[in-house]
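The values are calculated or read from the model by the stated rules, or taken from the named source; none is laboratory data. Note that the coordinates shown come from a computational prediction; the quantities given were computed from them, not determined experimentally. Cβ placement follows ideal geometry from the backbone for every residue including glycine, while neighbour counts extend to all protein chains displayed.
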Amino acid sequence: MSEQPASYDLENPSEPNFYKAQKGLKSWLFTVDHKRLGVMYLASVILFFFVAGFLAIALRTELLTPAQDFVSASTYNQLFTLHGAIMTFLFIIPATPGALGNFLLPLMLGAKDVAFPRLNLLSFWIYSAAAVMLLCTLLLGGLDTGWTFYTPYSTATGTAAGLAALGVFVAGFSSILTGLNFVVTVHRMRAPGQTWDRMPLFVWAIYATAVIQILATPVLAITVLLVFIERFLGIGIFDPAMGGDPVLFQHFFWFYSHPAVYIMILPGFGIISEILTVHSRKHVFGYKAIALSSVAIAIISFLVWGHHLFVSGQSELVGVIFSFLTFAVAVPTAIKVFSWVATLYGGSIVYNTPMWYGLMFLWTFTIGGVTGLYLSTIATDVHLHDTYFVVAHFHYVMMGGLVIAFIGGVYHWWPKITGRFYHEASGKLGALLVFIGFNITFGTQFFLGHQGMPRRYFAYLPEYTTMHQVSTIGSYVLALGLVIAGISLAMAFRKSAPKASSNPWGAVSLEWKTSSPPIEHNFHDTPHVTGSPYDFPEIDKSGRTH
Amino acid sequence: MSSLAYLKGKELENPVECHHHVAPVSLYVVILLALFGLTGLTYAVSFADLGPLSLPVAMAVATLKASLVVAFFMHLKDDDRYNLFIFLGTLIFIGIFFGFTLFDMQARDALNDEQRTFVRAEDERNAGNNPAIGISNDPARLAAWEAKHGSHDEEGHAEEEHSEGEKAEGEH
Amino acid sequence: MSDSTHAAHTDGEEHNPFVAHHFDNMGQQAGAAKLGMWLFLATELLMFSGLFLAYFICRMWYPDMVLGAHEYLSKTAGGINTCVLLFSSWTMAMAVRSAQIGKPGSKEDAAKIKKYLLLTLLCAGVFLVVKYFEYSAKFEHGMLPGKFYTAHLHGYEIEGLPHIFFGIYFIMTGLHGVHVLVGMAVMIWIYIRASRGEFSRDNYAGVENTGLYWHLVDLVWIFLFPLLYLVK
């Protein structure tokens, strides 16, 4: 709970909201306001999501028949590579920290801004530069190495791999600086009375993510820099013909990229903690467990990268160690899932769109997580490696996990960000289609992979045809669902859209203690925190308190 | 503006809490002289024949020099302990990176010796011997492959399906 | 943060003009800035660690080649550069100290900061000049990285795959050199701000954090020197 003087009316603030506080294009391009930056990130990541999504639809359409349909093999390589690269570096890694994290972190902490507002702006510009570089790659020769850039192909290919490597290098710095900003903000900018155990779990999640961003991304930087240098100087570190070793590249690459998948999912965990508690009006079960498991995941995630190298020629002993540690990283994740389910139990659940996404998450992420165990077992991984089973697994955790959580989070905080409500009925319709479409698309791929369909192939044996076709139809349903979800959010911009109060969900965390949308300096008076953000007051039976 | 200042949720007694550990000049000079001394030691030791110990000794001296710089010039000794935690934590993660990778590379070294891959393969080929792995040791397969794709010394870019199949190896 | 009261401060209710609007006081701002800089240093350490790892693997796989190839690196030049950088670390620490005790508005105190910054810049310049001579010698002898290696055509027979060693040498010292250049640029900017009288005991985080960065550059070199130049 926090206090504002009784005379200050949150619904009619004396100051303009942050959209209106400053006018003009320059005020947006040069803003240091974390909320404006959050909105700009949100718009950018949604754009890149649809670009990369379009590429995915194209490649799924090619896979409707076993033979070549409308793209050549090298074009197909480019489709899946750019789908992966754009989704990873321009959407999923920056999305939650950049969009929701930037917007919410200072609000949840009761601060006026992040610790280094100008660095925040720089992060956004760097991200934009990286986006331009990666999009230029599309136009200047493309990229066909797979998003994983494996050598020696990536050092020898004639496509624009060098430019792509540089683009990734630049994107990495945006990630590092954002993480740095967030760690310092959480350490130094909390409101009076907000001890570590009174922070919302979303903050804990973003904090753990920021730690990983700081520790892992520099290794990615040096890895892509070495690839870039090797393309031009031929040093030979990764090239066996010159005395180097391609498996070394894989070690370097996955030392970042495995923790990177936790950069992707941890903020999603934070969002789910917020959605499930607020929309079931129940104090979270196991606050400490969820908070500390985020940190545990951050640490253990650095110890498991070798599970991507089981069949690469890595030594067996090292493989066994990595396999064991990978099982270990599942434990804190499972703790979270159990805690969330326990949170829902006995709660007053409101089945609105954010809660639908929260429940969808529990289903899809659990499947994704459990199928990861098949892959971390070396014996089964030998058969499943590089098949569609892997593709299905990571789409279940990344899309079924993060994307669903992210969309749910966008719905949950949409009233705060825009000051208006999304359209509930189409929101639910979109969610339903996303859920059905997603499970059809990727559920069948588990079976495809189990039966031996390799990944990154554009032509396949006729035996796989039916399942591929089912998967493709599913992807069209999924795409439709996502478009409808987007429309339901955009409906908030109609003149007739209902306005949102400062706290439409009756939540307790600090971001709901200011107007919707917030004023430029977030809070009229510095809030004082006296209790947990999950101590929900008595509710009325309608489930909404606006 | 409130008259009380807060830091990390707790009230500050002194609203302007600045961390002022001003070291005397003499301390800095002593540290510099120690650093020069240790550099001299590194140099001298590099001429001694310590066998396998030469790398650990060199690293130990370098670590000592680094510790002096970090503790005194970078003020870590008198600073907020969280900064020390960050520094040590970073070293631990670097250790993890080095540890697993070096361990695996060592095993691959043994594997390479056994399999005669990489440059040894190059040497062998130059000497006129076929390497022990791959299709080159089976003349029939090699001939068939060369007939389809041209000389096997050419880098990359076989046609269509073949590159997918080859790329599937060793990924993810 | 420990509640140290080493330097008595009677700022009291006075508003420090250097505190940004989103911070409550200078202690919070300076502490945040320093924490941010340590986090950035952590990322730099991790980035260089990749190169050190590549070096160690190269040394593990080709010990004789590394032993042979490194003979062509000048120990003298490396030694001079080490001493120059260590000295520059001292001058940088002195610059920070001068800022820590500087009286606000005092031109003499600001001049002290500027003097030590200038000395540090000078040392950095000397470092780069020595590096220039080293690199020229390498280029002349064809000891170039990777596929550009041609030393055997200049009469230098090094057993094994020296192009890998020289590749690693150039990338490591090159990246380090880039960091020296960036450090010099930052120091020039801080020098300009010191000329404007911005730094004093009320506001020295800028100088302090520049110092932290510069010490990191020195730290990397402390390890580079024995590994590249003094192999045994």
Fill in the blank from the handout: Matching residues in the stretch B:57-102 (more than 9 Å from chain C (Cβ to nearest Cβ) and of a type in the set (Ser, Thr, Tyr)) number 1
Practice task
Tell me, yes or no, whether the stretch A:128-149 has at least one residue that is in contact with a Gly (Cβ under 8 Å, 6 or more places away or on another chain), within 14 Å of chain C (Cβ to nearest Cβ) and assigned to a helix (DSSP H, G or I).
Solution key: no
Completion exercise
Of the residues in the stretch A:240-253, those that are touching a helix residue (DSSP H, G or I) at 6+ places or on another chain (Cβ under 6 Å), within 11 Å of chain C (Cβ to nearest Cβ) and in contact (Cβ under 8 Å) with a residue 24 or more places away in the chain come to A:His251, A:Phe252, A:Phe253
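Go over the candidates A:Thr159, A:Thr209 one by one and state the one that is modelled with pLDDT of 95 or more and of a type outside the set (Phe, Trp, Tyr).
Details: A:Thr159 fails: modelled with pLDDT of 95 or more.
Every option except A:Thr209 fails the conditions.
From A:Leu59, A:Leu121, which residue is in contact with a Phe, Trp or Tyr (Cβ under 6 Å, 6 or more places away or on another chain), part of a helix (DSSP H, G or I) and within 14 Å of another protein chain (Cβ to nearest Cβ)? Quick ask: steps written out before the conclusion?
Details: A:Leu121 fails: in contact with a Phe, Trp or Tyr (Cβ under 6 Å, 6 or more places away or on another chain).
Going through A:Leu59, A:Leu121 in turn, just one is in contact with a Phe, Trp or Tyr (Cβ under 6 Å, 6 or more places away or on another chain), part of a helix (DSSP H, G or I) and within 14 Å of another protein chain (Cβ to nearest Cβ): A:Leu59.
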Problem - Given (1) small (Gly, Ala, Ser); (2) within 13 Å of chain B (Cβ to nearest Cβ); (3) buried (at least 20 other Cβ atoms within 10 Å of the Cβ), index of the condition A:Ser273 fails - result: (2)
Practice task
Of the conditions (1) surrounded by fewer than 21 Cβ atoms within 10 Å (Cβ to Cβ); (2) in contact (Cβ under 8 Å) with a residue 24 or more places away in the chain; (3) farther than 23 Å from A:Val397 by Cα, A:Asp69 clears all except one; give me its number.
Solution key: (2)
Practice task
Take the residues in the stretch A:297-315 that are more than 16 Å from A:His385 (Cα to Cα) and facing chain B (nearest Cβ under 8 Å), then tell me which one is farthest from the chain's Cα centre (by Cα).
Solution key: A:Ser315
Handout entry: helices (runs of 4 or more DSSP H) within the stretch C:1-114 that include 2 or more residues more than 7 Å from every other protein chain (Cβ to nearest Cβ) and modelled with pLDDT of 95 or more
Key = C:26-61, C:75-101
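Given A:Thr185, A:Thr217, which one is among the hydroxyl-bearing types (Ser, Thr, Tyr), within 14 Å of A:Pro259 (Cα to Cα), in a helix (DSSP H, G or I) and facing chain C (nearest Cβ under 9 Å)?
Values: A:Thr185 fails: within 14 Å of A:Pro259 (Cα to Cα).
Exactly one of A:Thr185, A:Thr217 is among the hydroxyl-bearing types (Ser, Thr, Tyr), within 14 Å of A:Pro259 (Cα to Cα), in a helix (DSSP H, G or I) and facing chain C (nearest Cβ under 9 Å), namely A:Thr217.
From the list A:Thr472, A:Thr465, which one is closer than 22 Å to A:Leu79 by Cα, touching a residue at least 12 places away in the same chain (Cβ under 8 Å) and within 27 Å of the chain's Cα centre (by Cα)?
Working: A:Thr465 fails: within 27 Å of the chain's Cα centre (by Cα).
Among A:Thr472, A:Thr465, only A:Thr472 is closer than 22 Å to A:Leu79 by Cα, touching a residue at least 12 places away in the same chain (Cβ under 8 Å) and within 27 Å of the chain's Cα centre (by Cα).
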Completion exercise
In the stretch A:188-209, anything more than 9 Å from every other protein chain (Cβ to nearest Cβ) and either in a helix (DSSP H, G or I) or of a type in the set (Val, Ile, Thr) (or both) is listed as A:Asp197, A:Leu201, A:Phe202, A:Val203, A:Trp204, A:Ala205, A:Ile206, A:Tyr207, A:Ala208, A:Thr209
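For the structure I just gave you, tell me whether C:Phe133 is free of Cβ contacts under 8 Å to residues at least 60 places away in the same chain and either more than 21 Å from A:Ala221 (Cβ to Cβ) or part of a loop (DSSP other than H, G, I, E, B) (or both).
So C:Phe133 fits the description; yes.
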Exercise for the section: Determine whether A:Leu480 is under 22 Å from the mean Cα position of the chain (by Cα), among the hydrophobic types (A, V, I, L, M, F, W, C) and buried (at least 19 other Cβ atoms within 10 Å of the Cβ). Expected result: no
Handout entry: Residue tally, condition buried (at least 16 other Cβ atoms within 10 Å of the Cβ), under 19 Å from the mean Cα position of the chain (by Cα) and either more than 10 Å from chain A (Cβ to nearest Cβ) or acidic (Asp, Glu) (or both), over the stretch C:136-179
Key = 6
Completion exercise
Cβ pairs under 8 Å, 6+ apart or interchain, first in the stretch A:341-359 and within 12 Å of A:Glu274 (Cα to Cα), second of a type in the set (S, T, N, Q) and not in a loop (DSSP other than H, G, I, E, B), ordered by first then second residue, are A:Thr343/A:Thr277
Practice task
Could you please give the count of residues in the stretch A:200-244 that are touching a Lys or Arg at 6+ places or on another chain (Cβ under 9 Å) and surrounded by fewer than 24 Cβ atoms within 10 Å (Cβ to Cβ)?
Solution key: 3
Problem - Single unsatisfied condition, C:Val186 versus (1) in a helix (DSSP H, G or I); (2) more than 23 Å from C:Trp38 (Cβ to Cβ); (3) in contact with a Ser or Thr (Cβ under 9 Å, 6 or more places away or on another chain) - result: (2)
